1. Hey, which aspartates and glutamates would be in cross-link range of B:LYS330, C-alpha to C-alpha under 15 Å, not counting anything within fewer than 8 residues on its own chain?
2. Taking Cβ-Cβ under 4.7 Å as the only way to count a partner, pick out the unpartnered cysteines of chain A.
3. With a ≥ b ≥ c the root eigenvalues of the C-alpha gyration tensor of segment A:122-269, is it rounded (a/c under 1.5), prolate (a/b larger than b/c) or oblate?
4. Only helices at least 27 Å long along their axis, Cα-based, and averaging 0.5 or more on Kyte-Doolittle count here, so list those DSSP H runs from chain A.
5. For peptide B:12-25, how many partner chain Cβ atoms fall within 10 Å of a residue's Cβ, on average?
6. Can you give me the convex hull volume of the Cα atoms of chain B, divided per residue and expressed in Å³?
7. So if I take the centroid of the Cα atoms in segment B:6-46 and the same for segment A:27-56, what is the distance between those two points in Å?
8. Pull up the cross-link candidates among the lysines for A:LYS60, meaning alpha carbon to alpha carbon under 16 Å and not fewer than 8 places away within one chain.
Amino acid sequence: MDKPFAITLDPGSSLANHTGSWRTERPVYVDRLPPCNNQCPAGEDIQGWLFHAESGNYEKAWQHLTKDNPFPAIMGRVCYHSCESVCNRAKIDSAVGINSVERFLGDEAIKRQWKFSQAATDTGKHVLIVGAGPSGMSAAYHLRRFGHRVTVYDAGPFMGGMMRFGIPKYRLPRDILDAEMQRVVDLGVEVKLNSKVDNILETMKSGKFDAAFLAVGAHIGKRAFIPAGAVSKIIDAVSVLRSMENEEKPMLGRRVVVYGGGNTAIDVARTAKRMGAEPIIVYRRNREKAPAHDFEIEEAMQEGVMIKWLSTIKEAGDANITIEKMELDDTGFPQPTGEFETLEADSVVLALGQDVDLGLLDDVPGLVVTDGVVTVDSNMMTGHAGIFAGGDMVPADRNITIAVGHGKKAARNIDAWLLGTSYVAPPKHEVANFESLNTWYYADAPKTVRPTLDIIRRQSTFEEVQGGLDENNALFEARRCLSCGNCFECDNCYGVCPDNAVIKLGPGNRFKFNLDYCKGCGICVAECPCGAITMEPENI
Amino acid sequence: MPLQPVKFYQTGTFTVGNRLLAPEERSVQANMERTNSLNSGHRACQGCGEALGARYAIDAAMTATKGQLVAVNATGCLEVFSTPYPETSWQIPWIHSLFGNTAAVATGIAAAIKVKHAKGQGKDVRVVAQGGDGGTTDIGFGCLSGMFERNDDVLYICYDNGGYMNTGVQRSSATPPAARTATTMPLGPEPGNPFGQGKFMPALAMAHEIPYVATATVADLRDLEYKVKKAMSFRGARYIQIHVPCPLGWGAASKDTILLSRLAKESGTFPVFEAEYGELTSSSKIRRLVPVEEYLKPQKRFAHLFGKTPAVETIARLQALADRNIRRYKLLDKEAN
């Protein structure tokens, strides 16, 4: 080879120099569990569906969401969105409006008539579901998608259970409820209304069912003993809310006293207000201790609902009641003070919680009932093999999202049980905490506030109180998501590597490290906005 | 505004890429087809800010010139770690001559290309000269000043890490006050570089009234790329100084390279701005103002300020310098350019 003077080697590329050998730690891509997903009682992959919504692909977002929860339009209205209370963005400005985006997706799906993807091939198994409420219909949806034949029995005249007979229209319009229920039916689920199951074993035997899921809810209002006159009107809250769905509305009179401090008490009081009454809530403890959500108390008070905190009803007369003032002792329990007050009252509505009608479970071998609810194991199965239960009738907090989650969990376990296996949930990833994020990279963006119905119409009509987002602000809101713990392909690692040791695999395929050259400096970890990279020691 | 920030798209233009942006709105570094002017296998330390800054800048210049580019390199870290005989990490035409003559070599190449081009030979190839702060502010200053004064058609890029890091962290005229180096009273009651010495090259370049002067940091890629591309839209002498942290010389963690550049900018210690023909035309505003301590503390070269009895007075003087930058370059004035 002819080379210039003093040159003995051909020029070469530095690629021959594998600087990866310098490394004592290596970067590793991880998927951490976003706190919202970790919190969701229905097990939604919130960060996952927001990812699709961020690019404006709402149908894909909806499909992703409904893998876990078939009722986004309902959830977007009545879910108490505990996801937002753990959102990492709250530590920057305010939480992402997950609930409002969910509602937008649900409403889009109804407007554009999106359908669920078709069920898997028929398995030949037949599952009985008792109760067409959130838990039963959620289970029906998932079981049908697994390919099982599903028949739902419900004692009532409509689908929806407590979503219809417990939640007032101003929070959940009935056309929305009907649309999301019907979509499950359209998947091939058979629903038998006005069909009360009196004996579960008999029904299973006669219908040749292979398994059953019980989700009858808790519809019997609890009573409290109140000394009352002959003509005083005392009714329970569940009956009031249920009769709102009938032709004949309940007769409550002008002065309505609602006894209790939970969400049902608030719902009844706000319903009474809309019917022209003047409701007063009487609750034995104070606002901080009330089980009702604070925003609902706030909205009720805005609408003109009066609340007597720290009061119990001692006696109910014909047109008035006597209440006793209470005070909280050191342990937070209310103690009587001996001070009394008289209030005008045409009726007293008891909102003191609900019991489960367990009549259908008499004489089921192995089944255990404790404190009025059915005991289930970690697979949602009762003590009787093949009979599963969920929703308000098992020991858990009672709300619609939890019920929907029970339906999904039960469906997975029923599916496994029918196939002679057992369902093993995939291991949970480590939660993506705020400290794992690099928040410098997120653009400043305050939360979008949903419109609220004006106060006059809230006091007199059953129109929906909270409005929805439109396409523009739903997109904005979705893009406020930090994508905690999950790569959203911002290219930061690909850009910030001084050694060009990150390989970009193209849209949707994320990245990988070129460990031949990675020196292990850790800049990619420090500069990853969402905490999706971690350092692991090398074995040297 | 120096760079029109993209309206809210999750991360806006803060991150290197953003899948929600149209491809033409994304950075050069986000591109799978980027030049990678400075390829893998170079021998820079872990977390080297200069290696990062050089790839950012030269890739952007390659994009701006559609690949018609020659780079002239001063002696220094960048030259030593990228091109130990017989290997090179450079994937572009690249030349190294001496420590102090970089601007002169670049001037000569630009002149040769101009002549060839005028004769109808070869394309309109552009010239970039690059070096560290030592080769720029000290040893190469005469040649550089001449290049400015003659308004030769060269973009000179200085990667500023405040010292001679390659030869063992000696002081340069760009070493900040109070920073400890191997040659600035490393021991004694008051170690560190004295106040009132050194030079701020961007201001000197502005004094030459050349077409374009800018500063940038490795913490703001989009701003850096914008400035390199803008510089390539001018003919004549141009100067860009890029703040590049040196984990070895500064005694900082290798993962903190970008963080330190960000803190330098956010504290006002390193003003980020651009100027045309000697006039300040715009500055990058501070987004989350921090006291200088936040920038100084992660660096061991300033550790003597934070001992048992913190050097309150010295820190206050450094803060005063940052505050003067904030005033002089309008770093907080949202109304000003």
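1. Answer for B:LYS330, where 15 Å is the Cα cut-off: B:GLU266, B:GLU274, B:GLU279, listed by chain and number.
2. A:CYS40, A:CYS79, A:CYS87, A:CYS481, A:CYS484, A:CYS487, A:CYS490, A:CYS497, A:CYS518, A:CYS521, A:CYS528, A:CYS530
3. Prolate, since a/c reaches 1.5 and a/b exceeds b/c.
4. none
5. 5
6. Numbers: hull volume 45.4 nm³, N = 337.
Residue-normalised Cα hull volume stands at 135 Å³.
7. About 24 Å separates the Cα centre of segment B:6-46 from the one of segment A:27-56.
8. A:LYS111, A:LYS115
Bear in mind these aren't lab numbers, they're just calculated from the coordinates by the rules spelled out. Everything quoted here is computed from the prediction, not taken from an experiment. Backbone-built Cβ (ideal geometry, glycine too); neighbour counts: all protein chains shown.
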